[in-house]
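Chemist: I have a structure here, written as structure tokens, and I will follow up with some questions on it.
All of the numbers you see were taken from the coordinates with simple rules; none came from a lab. Please read all numbers here as calculations on a predicted model, not as lab measurements. Glycine gets a Cβ as well: all are built from the backbone with ideal geometry, and neighbour counts include every protein chain shown.
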Amino acid sequence: MKSYTVAELLSSETLVQEVIVKGWVRTFRANRFIALNDGSTIHNIQCVVDFENTNEDTLNRIGTGAAVSIKGELVESQGKGQKVEVQVNEITILGDADQEEVSKTILQPKRHTLEKLREQAHLRTRTNTFSAVMRLRSSLSFAIHKYFNDNGFYYMHTPIITASDAEGAGETFRVTTLDPQNPPLDEEGNVDYSKDFFGKETNLTVSGQLEAETYAMSLGKVYTFGPTFRAENSNTSRHLSEFWMIEPEVAFMDLAGNMDLAEDFMKSVLSYILEHNPDDLAFLEDRLIQEDKSKPQAERSEMTLIEKLRFVVDNNFKRVSYTEAIDILRNSKPNKKKKFKYLINEWGADLQSEHERFLVEKHFKCPVILFDYPANIKAFYMRLNEDEKTVRAMDILFPGIGEIVGGSQREERLDVLKEKMAALNIPEEELWWYLDLRKYGTAVHSGFGLGFERLVMFATGMSNIRDVIPYPRTPLNAEF
Ligand code: ATP
Ligand code: MN
């Protein structure tokens with residue numbers, strides 16, 4: 001007798017005489033109807049127990065949360081709500097779940113807040129919302145690898161422990177084996193990191209970009225997809241201390257090519273889930289529609305989740321220079337009425353998330369690529385433009401998310417790069433290998449970084465980044 005997943009049974013074209021299906025009981029009602037889920041789909045399969053011919057003890061042990069194995073027949077359903085169901089011939093309890101204990105957990109079938117679910121993150125994928133989010137997360141990961149593989153990119157693994165903190169992408173987590181109570185000190189009384197494990201100060205990576213550049217300058221088209229760490233103490237709904245980043249890097253590609261790549265990539269991975277995950281998306285879409293009902297009219301979304309995804313796939317991203325964006329912001333209503341927390345007065349101002357969201361949600365109402373930023377608000381490695389004031393940087397802004405991608409054409413000229421590093425006090429010795437790329441066959445090259453969780457947020461409509469990663473790491477929180 002063959003074991004089937006719930007997904008297989010529900011999509012089966014033919015009725016099957018004998019099946020085995022294993023899963024967890026979501027609900028058991030009227031001593032007769034089990035709603036069984038095994039994680040293979042958002043839908044449960046109904047399993048009908050012949051209670052008159054099932055022993056009392058077994059019946060008592062069928063409860064929410066229990067793991068069971070069912071042998072039975074896949075038949076057309078008599079009731080409403082499902083096409084097929086399993087007529088149970090034999091049921092084995094694989095793992096009990098005490099109903100008294102269950103009632104204290106989020107397994108109890110009722111509405112729980114997302115905060116409550118976060119406290120029981122080890123159980124939350126037994127709920128529809130989180131199983132849908134995590135299946136989509138998995139599907140998006142696959143789509144990302146598929147996109148790059150189909151387009152001739154090599155997947156490279158950049159180090160997680162690094163010694164280069166020169167990049168300035170954010171605060172780092174130190175990696176050390178020194179005894180915090182009693183570290184070795186140098187003559188000046190400072191901690192002597194030459195005695196540390198690696199013989200120098202090391203930290204968890206904030207980005208794999210610099211290393212990825214070295215591989216782009218030999219393998220041509222590469223990408224990384226791995227964990228990154230930032231000790232930024234910003235408790236926002238869009239920042240994690242540990243998150244996953246996708247970083248393609250391509251030789252002989254300029255900023256325009258970089259924008260084309262990023263746009264094509266985003267459209268492709270979102271199309272992939274529209275095609276392959278319709279049930280999970282439909283569930284999450286409905287969840288948002290229900291949520292919207294409790295909001296005032298003005299705060300409700302104009303588009304449903306699937307409409308938003310289609311909109312991104314079907315429309316060109318709006319490309320706007322930083323200078324144009326500043327003009328728009330300076331003359332905007334919230335700026336004139338002093339509604340922004342940070343008012344935009346002059347060229348050179350760094351854009352805050354309130355400005356990004358105004359541009360993308362109120363002004364353009366579509367994904368926006370901002371490019372050619374002032375040099376002094378961007379990283380040292382970005383290619384200086386001929387105006388000597390701006391760099392070939394780009395940020396992609398998404399509705400509801402703000403910045404989702406940050407990228408640039410990289411400075412390929414050795415002298416300009418050295419000048420830039422000197423001005424920022426970045427020692428050449430630390431990045432000698434990075435400078436070498438500009439000595440031996442330097443060339444135009446570009447890349448970007450996409451925060452994977454921000455993409456999952458957009459794709460699922462979840463509004464807190466803690467709800468799109470299995471076990472979120474944030475300031476003061478590393479449970480599980
Ligand atoms: P932000 O302004 O939102 O903090 P950033 O400018 O620090 O972003 P980059 O250093 O350009 O971001 O990193 C590339 C991408 O990584 C960002 O576009 C974003 O999608 C993602 N990202 C950055 N920081 C975080 C974080 N703490 N948690 C999750 N994703 C992040
Ligand atoms: Mn940041």
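Chemist: Report, in debye and to the nearest 20, how large the dipole of the chain comes out about its Cα centre when Lys and Arg carry +1 and Asp and Glu carry -1 on their Cβ.
Modeler: Working: 57 positive and 74 negative charges, 362 e Å.
Charge dipole, the chain, about its Cα centre: 1740 debye, nearest 20.
Chemist: Which residues' amide hydrogens lie under 5 Å from the amide hydrogen of Trp244, considering only partners 5 or more residues apart or on another chain, with H built in the peptide plane?
Modeler: Counting only residues 5 or more places away or on other chains, the set is Thr228, Phe452, Glu453.
Chemist: Here is a further query. From the phi of every residue in region 234-249, what ³J(HN,Hα) in whole Hz does the Karplus formula 6.51 cos²θ - 1.76 cosθ + 1.60 yield, where θ is phi - 60° and glycine or proline is x?
Modeler: 10, 7, 10, 7, 10, 10, 10, 7, 10, 9, 9, 10, 10, 10, x, 9
Chemist: Here's something else I'd like to know. Residue by residue through region 307-316, which ³J(HN,Hα) values in whole Hz follow from phi under the Karplus form 6.51 cos²θ - 1.76 cosθ + 1.60 (θ = phi - 60°), with glycine and proline marked x?
Modeler: 4, 5, 5, 4, 4, 5, 5, 8, 10, 5
Chemist: Pull up all non-local amide H partners of Arg383: gap of 5 or more, or a different chain, and H-to-H distance under 5 Å with H placed in the peptide plane.
Modeler: Under 5 Å from the amide H of Arg383: Arg392, Gln409, Arg410, Glu411.
Chemist: Amide H of Leu343 versus every other amide H placed in the peptide plane: which residues, excluding those fewer than 5 positions away on the same chain, fall under 5 Å?
Modeler: Placed amide hydrogens put nothing under 5 Å from Leu343.
Chemist: Then there's this: Which ³J(HN,Hα) values, rounded to whole Hz and listed in residue order, are derived for region 86-94 from phi using the Karplus coefficients 6.51, -1.76 and 1.60 in 6.51 cos²θ - 1.76 cosθ + 1.60 with θ = phi - 60°, glycine and proline given as x?
Modeler: Running phi through 6.51 cos²θ - 1.76 cosθ + 1.60 with θ = phi - 60° gives 9, 8, 6, 9, 8, 10, 10, 7, 7 Hz.
Chemist: Next question. Sort Leu284, Leu414, Leu384 so that the residue with the fewest other Cβ atoms within 10 Å of its own Cβ comes first and the one with the most comes last. Provide the component values of the computation, followed by the final result.
Modeler: Values: Leu284 24, Leu414 14, Leu384 18.
Least to most surrounded, the residues fall as Leu414, Leu384, Leu284.
Chemist: Can you give me the distance in nm between label points at Ser353 and Lys389, each placed 7 Å from the Cα along the Cα-to-Cβ direction?
Modeler: Rounded to a tenth, the inter-label distance reads 3.0 nm.
Chemist: Additional query: Stick to the Cα atoms of region 105-211, pair each with every other, and give me the Kirkwood hydrodynamic radius in Å at one decimal. Show your work: numbers first, answer last.
Modeler: Numbers: mean 1/r = 0.0542 Å⁻¹.
One over the average 1/r among Cα pairs gives 18.4 Å for region 105-211.
Chemist: Ranking Leu329, Leu178, Leu424 by Cβ neighbours within 10 Å, fewest first, what do you get? Write down the numbers at each step before the final one.
Modeler: Values: Leu329 21, Leu178 15, Leu424 12.
Ranking Leu329, Leu178, Leu424 by Cβ neighbours within 10 Å, fewest first, gives Leu424, Leu178, Leu329.
Chemist: Report, to one decimal in Å, the Kirkwood hydrodynamic radius for the chain based on all distinct Cα pairs. Before the final figure, lay out the partial values.
Modeler: On the way: mean 1/r = 0.0390 Å⁻¹.
Result for the chain stands at 25.6 Å.
Chemist: Next question, about the same structure. Quick one: which of Lys267/Lys318; Lys378/Lys420; Lys195/Lys420; Lys221/Lys308; Lys221/Lys365 span more than 23 angstrom between C-alpha atoms? Show your work: numbers first, answer last.
Modeler: Numbers: Lys267/Lys318 14 Å; Lys378/Lys420 12 Å; Lys195/Lys420 32 Å; Lys221/Lys308 30 Å; Lys221/Lys365 32 Å.
Result: Lys195/Lys420; Lys221/Lys308; Lys221/Lys365 exceed 23 Å.
Chemist: Taking the 0 to 90 degree range and rounding to the nearest ten, how far is the long axis of helix 414-423 tilted relative to the main principal axis of the chain, both from C-alpha atoms?
Modeler: Here the helix axis deviates by roughly 90 degrees.
Chemist: Sorting Thr14, Thr442 on the 10 Å Cβ count, fewest up front, what's the list? If you can, show how the numbers build up before the last one.
Modeler: Values: Thr14 6, Thr442 17.
Ranking Thr14, Thr442 by Cβ neighbours within 10 Å, fewest first, gives Thr14, Thr442.
Chemist: Restricting to DSSP loop positions (anything but H, G, I, E, B) with no more than 10 other Cβ atoms inside 10 Å of their own Cβ, which trypsin sites (Lys or Arg not before Pro) remain in region 91-186?
Modeler: Numbers: sites: Lys104, Lys110, Arg111, Lys116, Arg118, Arg124, Arg126, Arg135, Arg137, Lys146, Arg174; in loops: Lys104, Lys110, Arg111.
Within region 91-186, the qualifying trypsin sites (Lys or Arg not before Pro) (loop, at most 10 other Cβ atoms within 10 Å) are Lys104, Lys110, Arg111.
Chemist: Over what distance in Å are the Cα centres of region 98-137 and region 351-385 separated?
Modeler: 38 Å
Chemist: So what is the relative contact order for the chain, in percent, with contacts set as C-alpha pairs under 8 Å and at least six apart? Mind showing how you got there, number by number?
Modeler: Details: 845 pairs, mean separation 63.9, N = 480.
Result for the chain is 13 percent.
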